[in-house]
Amino acid sequence: MTAPDSVALYRMIRFIRRFEERSVDLVKSGEIVSGVHPCIGQEAVSAGACATLEPDDIVLSSHRGHGHLLAKGCDPARVMAEMAGRVTGIDKGRGGSFHPSDFSANVYNATGTVGHGSGIAAGIAWAAVKAGKSTVVMSFFGDGAVTQGALLEGFNLAGLWNLPVVYICENNGYATTLPVQTAVSGTITGRGEAFGIPSSTVDGQDAETVFAAVSEAVERARSGGGPSLLEMRTYRYHGHHTFELKTRLKYREQAEIDEWRLRDPLDIQAARVAADVRARIDDEVERELDEVVRFAVESPRPDPADATDHMYADGFRPRAGVSL
Amino acid sequence: MPKLSYLKALNRALGDEMTRDESVFVLGEDMNFALTNVTAGFLDRFGPDRVVEVPLTEQGFTNFATGAALAGRRPVVEFQIPFLLLLVFEQITNQANKFLLMSGGQRSVPVTYLMPAAGWRPGWGAQHSDQPYSLFAHMGVKTVLPATPTDAYGLLTTAIRDDDPVVFFGPLASLTVREDVDYADLGPIPLGSGRVHRAGTDVTVVALGHLVHEALAVADELAAEASIEVWDPRSVYPFDWTGLAESVARTGRLVVFDDSNRSCGMGAEILATAAEEMRLTAPPRRVTRPDGAIVGAVPELDVVLQPTRAQLAEAVRAVLKSPGW
């Protein structure tokens, strides 16, 4: 296993953190109409996990997926433009913050149907194996997915056929407002073990711990050892979605948030990087994000006449909803 | 000329495509024993890497097919029971059929969902006899419902070659239909192209799936009373509205013979569109299933809820007798 690049991990965590904070600003200013599901607090999972991957490896993201996209190598400006519904976005504005894909970076999709990515990941991995490739598929989902039957059906196929999938559960403690302990019978790792899938719980706040654990799983997958499940213990400092800025749902105590702030993934990684290096990186990140935001908000919005573009591969369009 | 059955046409079309294109593979339950007979002989011909036996995990293997398609393969997913398409309705309509759109056109999901025994099974109870093709049209999923062996061959070939998800309904009542064919004449049939099975001048009967054969029988029975045109859309989505309009322009009168339920079914859509856009000289009629489940395990109860020849004959006579609007 290669050693983690502490500086690169710091830079990625810092980049995701500030990208997310900038995206929340764009929600407030009305540029991102959908709102977003910020991954602030969970950046070490994206940064550490994706740092183990090769460019040809494939990621399936989730609704809280901006960190996955950035860490897998998507162009940040085109990701932000996508979230803002611009034609320059990675999906021409059709995927948005919730359902992005970017095949140029091998991010295949972020299905909105929670838990269903596991079977899709198995299918991608199976096709890769049959094509003689050594591709690894990494499938991200939250703790809310582990109570979905479809997730387990995907686990079963991946385990049965020994497929090269690394399943990463970002357990941030809440499925929207529902605490994990009131939703999940048994354990999350037990769900993988039941299918013969090596499963472990990992400190998701420490990017280098994440990197080490995921590296082992990726190596196992790539060498024909089959799937793994890693439960990342993490936390989101923001709400489920930016609508909570208005609704102020009281499903958790401030003391709990404060306690998790003591293990902020940005601080944990910052402690491994010299102050002058950090200062330089922080400055570079801000300047890059200035350009990212400028690109996004200055990019053109789609023409309403194009609303039915891309619905069918052969260019077929549905009939209009109004009578002729 | 050789006789080709509908079931053998499916076997032949799928086998031909698997031979022609190595990216095509088939997966389904009881595949190792070719339970439905669609894949008879395939395990020996193509091997287990392309004839994939899956456990009872419909949502799992439907998503699996989506993944394999995103990775460049052309899966054909076989289902044994029509309601299974409702179990995976979300995976087809909300995932596979939307990924091209949500990716801004980057990558489509070329999966064929093959339901080779759709519709009523006498005595098989309330959960085995559905015919949910209208639901897929409602959701904008390409959906075909061929009635004859030649059309089954052609539309399964097209479905597999199409770059989008396509649902293929093979009516159970059509599987044993046989037809004289010259194999050289078999070939792909475009989606959205209807077919006049019998030309007529007094009334257009739009018949779907196995009801095409019932409609042809009724047209024979009523030949002394009326010249009935039997028109078959063959694919319910996209739908050949131009072809239907041409038929209605010839006859001016319309009856739809549809194995869907009445509410929001293809029959409803065809009548509505005809009323809006076509020159009907009399109010149209439809013959469908009532809404809801087929009753259950007693064929005598089931059969009165199926669209029948007698109902069609009555509807045709009523439309012909109508004084107009």
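The values are calculated or read from the model by the stated rules, or taken from the named source; none is laboratory data. Given the structure is predicted, the values throughout are model-derived calculations rather than measurements. Positions of Cβ are backbone-derived with ideal geometry, glycine not excepted, and every protein chain shown enters the neighbour counts. What goes into the accessible areas is simple: the full protein's heavy atoms, side chains included, and nothing from ligands, DNA or RNA. Shrake-Rupley method; radii C 1.70, N 1.55, O 1.52, S 1.80 Å.
Going residue by residue through the range B:169-187, is there one that turns out to be open to solvent by 40 Å² or more (accessible area, probe 1.4 Å) and within 14 Å of chain A (Cβ to nearest Cβ)? No, the range B:169-187 contains no residue that is open to solvent by 40 Å² or more (accessible area, probe 1.4 Å) and within 14 Å of chain A (Cβ to nearest Cβ). Scan the range B:202-216 and give yes if some residue there is at positive phi and touching a residue at least 60 places away in the same chain (Cβ under 8 Å), otherwise no. Scanning the range B:202-216, I find at least one residue that is at positive phi and touching a residue at least 60 places away in the same chain (Cβ under 8 Å), so the answer is yes.
Taking the conditions (1) within 10 Å of chain B (Cβ to nearest Cβ); (2) open to solvent by 10 Å² or more (accessible area, probe 1.4 Å); (3) touching a Ser or Thr at 6+ places or on another chain (Cβ under 8 Å) in turn, A:SER101 satisfies each one other than (2). Residues that are out of contact with any strand residue (DSSP E or B) (no Cβ under 6 Å at 6 or more places or on another chain), open to solvent by less than 60 Å² (accessible area, probe 1.4 Å) and among the polar types (S, T, N, Q) within the range B:17-38 are absent altogether. Selection within the range B:100-113: residues that are touching a residue at least 24 places away in the same chain (Cβ under 8 Å) and either out of contact with any helix residue (DSSP H, G or I) (no Cβ under 7 Å at 6 or more places or on another chain) or surrounded by fewer than 24 Cβ atoms within 10 Å (Cβ to Cβ) (or both). The member of this set that is nearest to the other protein chains (Cβ to nearest Cβ) is B:SER108. Of the residues making up the range A:285-296, those that are of a type outside the set (Lys, Arg) and without any contact (Cβ under 8 Å) to a residue 12 or more places away in the chain number 1. Do the conditions hold for B:PRO82, that is, is it in contact with a His (Cβ under 9 Å, 6 or more places away or on another chain) and either more than 14 Å from chain A (Cβ to nearest Cβ) or touching a residue at least 12 places away in the same chain (Cβ under 8 Å) (or both)? Yes; evaluated as a whole, the condition is true for this residue.
Taking the criterion of being surrounded by 24 or more Cβ atoms within 10 Å (Cβ to Cβ) and of a type outside the set (Val, Ile, Thr), the residues of the range A:104-114 that qualify are A:TYR108, A:ASN109, A:ALA110. Pairs are defined by a Cβ separation below 6 Å, a sequence spacing of at least 6 or placement on different chains, a first member in the range A:247-273 that is part of a loop (DSSP other than H, G, I, E, B), and a second member that is open to solvent by less than 100 Å² (accessible area, probe 1.4 Å) and among the aromatic types (Phe, Trp, Tyr); the pairs so defined are A:VAL273/A:TYR10. Taking A:GLN42 and the conditions (1) open to solvent by 10 Å² or more (accessible area, probe 1.4 Å); (2) touching an Asp or Glu at 6+ places or on another chain (Cβ under 8 Å); (3) polar (S, T, N, Q), which numbered condition does it fall short on, given that it satisfies the others? Among (1) open to solvent by 10 Å² or more (accessible area, probe 1.4 Å); (2) touching an Asp or Glu at 6+ places or on another chain (Cβ under 8 Å); (3) polar (S, T, N, Q), A:GLN42 violates only (1).
Applying the selection to the range B:284-303, what residues are out of contact with any Ser or Thr (no Cβ under 6 Å at 6 or more places or on another chain), of a type in the set (A, V, I, L, M, F, W, C) and open to solvent by less than 40 Å² (accessible area, probe 1.4 Å)? Hit for the range B:284-303 is B:VAL287, nothing else. Within the bounds of the range A:87-94, is there any residue that is out of contact with any helix residue (DSSP H, G or I) (no Cβ under 7 Å at 6 or more places or on another chain), open to solvent by 10 Å² or more (accessible area, probe 1.4 Å), part of a loop (DSSP other than H, G, I, E, B) and within 14 Å of another protein chain (Cβ to nearest Cβ)? Yes, the range A:87-94 contains a residue that is out of contact with any helix residue (DSSP H, G or I) (no Cβ under 7 Å at 6 or more places or on another chain), open to solvent by 10 Å² or more (accessible area, probe 1.4 Å), part of a loop (DSSP other than H, G, I, E, B) and within 14 Å of another protein chain (Cβ to nearest Cβ). Of the numbered criteria (1) more than 14 Å from chain A (Cβ to nearest Cβ); (2) surrounded by fewer than 23 Cβ atoms within 10 Å (Cβ to Cβ), the one B:LEU10 fails is (2). Just to be sure before I move on: is A:HIS238 open to solvent by 20 Å² or more (accessible area, probe 1.4 Å), touching a residue at least 24 places away in the same chain (Cβ under 8 Å) and within 14 Å of another protein chain (Cβ to nearest Cβ) in the structure I sent? In short, no.
How about the range A:287-318: which of its residues are under 28 Å from the mean Cα position of the chain (by Cα), more than 17 Å from A:ARG22 (Cα to Cα) and among the aromatic types (Phe, Trp, Tyr)? Within the range A:287-318, A:TYR312 is the sole residue that qualifies.
Residues of the range B:219-235 that are open to solvent by less than 30 Å² (accessible area, probe 1.4 Å) and either assigned by TED's automatic domain parsing to the domain that holds B:TYR153 or more than 15 Å from B:VAL196 (Cα to Cα) (or both): B:LEU222, B:ALA226. Being open to solvent by less than 20 Å² (accessible area, probe 1.4 Å), on the phi < 0 side of the Ramachandran plot and polar (S, T, N, Q) holds for only one residue in B:THR242, B:THR273, B:THR281, and it is B:THR273. Screening the range B:67-79 for residues that are within 14 Å of chain A (Cβ to nearest Cβ) and assigned to a strand (DSSP E or B) and picking the one that is surrounded by the most Cβ atoms within 10 Å (Cβ to Cβ) gives B:VAL77. Kindly indicate the residue of the range A:1-31 that is of a type in the set (Ser, Thr, Tyr) and assigned to a helix (DSSP H, G or I) and also nearest to the chain's Cα centre (by Cα) among those meeting that condition. That would be A:SER23.
Of all residue pairs spaced 6 or more apart or on separate chains, those with beta-carbon atoms under 6 Å, a first member in the range A:297-319 that is more than 7 Å from every other protein chain (Cβ to nearest Cβ) and within 13 Å of A:LYS92 (Cα to Cα) and a second member that is open to solvent by 90 Å² or more (accessible area, probe 1.4 Å) and at pLDDT 95 or above are A:THR308/A:ARG317.
Evaluated against (1) under 24 Å from A:ARG317 (Cα atoms); (2) in contact with a strand residue (DSSP E or B) (Cβ under 6 Å, 6 or more places away or on another chain); (3) open to solvent by less than 10 Å² (accessible area, probe 1.4 Å); (4) not hydrophobic (A, V, I, L, M, F, W, C), B:PRO82 falls short on exactly one condition, (1). What do you reckon, is A:ARG294 out of contact with any Lys or Arg (no Cβ under 7 Å at 6 or more places or on another chain) and at pLDDT 95 or above? Answer is yes for this residue. In the range B:48-62, which residue that is open to solvent by less than 20 Å² (accessible area, probe 1.4 Å) and either in a strand (DSSP E or B) or away from chain A (no Cβ under 11 Å) (or both) is nearest to A:ALA158 (Cα to Cα)? Per the stated criteria, the residue is B:VAL52.
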